[in-house]
Amino acid sequence: QVQLVESGGGLVQAGGSLRLACAASGGTSSYYGMGWFRQTPGKEREFVAVISWSGGTTYYADSVKGRFTISRDNAKNTVYLQMNSLKPEDTAVYYCAAERGPLSMHPADFGSWGQGTQVTVSS
């Protein structure tokens with residue numbers, strides 16, 4: 001099973017940018033679909049973006065479409081989430097996840113998760 005470690009979170013002002021990274025190790029991580037999810041206290045984990053193992057297919061939540069970009073570098077076993085034009089409502093813990101089945105936007109379909117990284121956007 002692949003192990004995932006997120007980095008790049010922090011505090012940023014509204015309108016700013018952050019780039020999250022998710023480093024994968026173990027297993028054949030380049031054959032996994034990779035996703036980003038986020039969660040705030042008292043709410044369910046929310047889909048943000050997902051990318052196929054080849055990088056050729058991506059899907060985004062409507063709330064981040066046009067502002068966030070997911071990408072991957074299989075040579076580095078790393079997936080990125082570039083977040084631009086950040087809003088206070090983007091504040092959450094962001095999680096990276098891996099899945100081996102058909103590309104999905106549902107947390108239950110992802111078998112491996114990172115520990116999460118906090119993103120805080122101030123107004």
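The values are calculated or read from the model by the stated rules, or taken from the named source; none is laboratory data. Owing to the predicted nature of the structure, the values given are computational and were not obtained by experimental measurement. In this analysis, Cβ positions are derived from the backbone assuming ideal geometry, glycine residues included, and neighbour counts consider all displayed protein chains. Calculation scope for accessible area: heavy atoms of the full protein, side chains included, ligands and nucleic acids excluded. Shrake-Rupley method; radii C 1.70, N 1.55, O 1.52, S 1.80 Å.
Overview of results
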read-out	value
Charged-residue dipole, Cβ positions (Lys, Arg, Asp, Glu), the chain about Cα centre, Debye nearest 20	180
Carbon/sulfur fraction of accessible area - the chain, other protein chains in place, 1.4 Å, %	49
For the chain: accessible area per residue (Å², 1.4 Å)	50
Neighbourhood net charge (12 Å Cβ-Cβ; Lys/Arg +1, Asp/Glu -1) for T58	+2
Cβ charges +1 (Lys, Arg) and -1 (Asp, Glu), total dipole of segment 69-110, debye	140
Gained length - S104 relative to L11, 0.36 nm times residue gap less alpha-carbon distance	30.6 nm
Semi-axis lengths (Å, descending) of the ellipsoid that matches the C-alpha gyration tensor of the chain	22, 14, 13
Gyration tensor verdict on segment 30-95 (Cα atoms; rounded if a/c is under 1.5, prolate if a/b is larger than b/c, oblate otherwise)	prolate
